[in-house]
Amino acid sequence: MAESTAGHVLVVEDEPDLARLVSDYLRNANFGVEVVSDGLDAVGAVREYSPDVLVLDIGLPGIDGFEVLRQIRSFSGCHVLMLTARDDEVDKIVGLSLGADDYVTKPFSPRELVARVQSMMRRARSSSTAGVQPVDEPGSGVHEVGELVVDEAAREVRLAGVPVMLTKTEFDLLARS
Ligand code: CA
């Protein structure tokens, strides 16, 4: 770990070409980068490496990205950028509700990914004591996490201001998480 880096990023991605592409771009942007390709290894790597930002694929061998997110949230406040394999709103919503901060959908531009990581890194540094706690209004039953708003009373979910249609099962999954 070099002292002069712009911050530390852990990349969890099981496709070797994509992992290499993402880590090359991040290293060129002066980040210290570690890469793991398995969900189980990812949890241990977050513990050891204490990254500022975690770039997390959802489809992984071992345990999936959602389970990684659940497990690391018990001990880490690092910023999380999810890589979603398809334009699946439910994946994004579940990820955001579990504590991810942002997502990009594959195929994505590596430059855009680097820009998102840089923006997270700025937020991480300006609010290092505040962590990444969701902004909950006490008693209102409205939870906001990044672009995601879950209104439990109205049973309504909005992503970036756009209402999202969920089945009852999907909504209950969110309300539990
Ligand atoms: Ca994958």
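Read-outs throughout are calculated quantities, based only on the coordinates presented, and are distinct from any laboratory measurement. All values derive from a computational prediction rather than experimental measurement. A quick note on method: Cβ atoms are made from the backbone with ideal geometry, for glycine too, and the neighbour counts reach across all protein chains shown.
Below are the figures for this structure:
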| read-out | value |
| --- | --- |
| Spin-label proximity, Thr167 to the stretch 85-104 - amide N less than 13 Å from point 7 Å beyond Cα toward beta carbon | 90 |
| Among Gly77, Gly161, Gly141, residue whose mean-square fluctuation peaks in a GNM of the chain (springs only between Cα atoms under 10 Å) | Gly161 |
| Dimensionless Rg/Rh of the chain - Kirkwood Rh, Rg from C-alpha atoms | 0.96 |
| Within a Gaussian network of the chain (alpha carbon springs, distance under 10 Å), most fluctuating of Val145, Val164, Val94 | Val164 |
| FRET E, pair Val142, Ser74, Förster distance 35 Å, beta-carbon r, rounded to 0.05 | 0.90 |
| ³J(HN,Hα), Karplus 6.51/-1.76/1.60, whole Hz, each residue of the stretch 16-30, x for Gly, Pro | x, 5, 5, 4, 5, 4, 5, 5, 4, 4, 5, 5, 4, 8, 6 |
| Nearest-ten-degree value, helix 39-49 long axis tilted from longest Cα axis of the chain | 70 degrees |
| Net charge of Cβ neighbours under 11 Å - reference Asp101; Lys, Arg +1; Asp, Glu -1 | 0 |
| Peptides 15-23, 50-58 ordered by average Cβ neighbours within 10 Å, highest first | 50-58, 15-23 |
| Spin-label model distance (nm) - Glu48 vs Glu89, 7 Å beyond Cα toward Cβ | 4.1 nm |
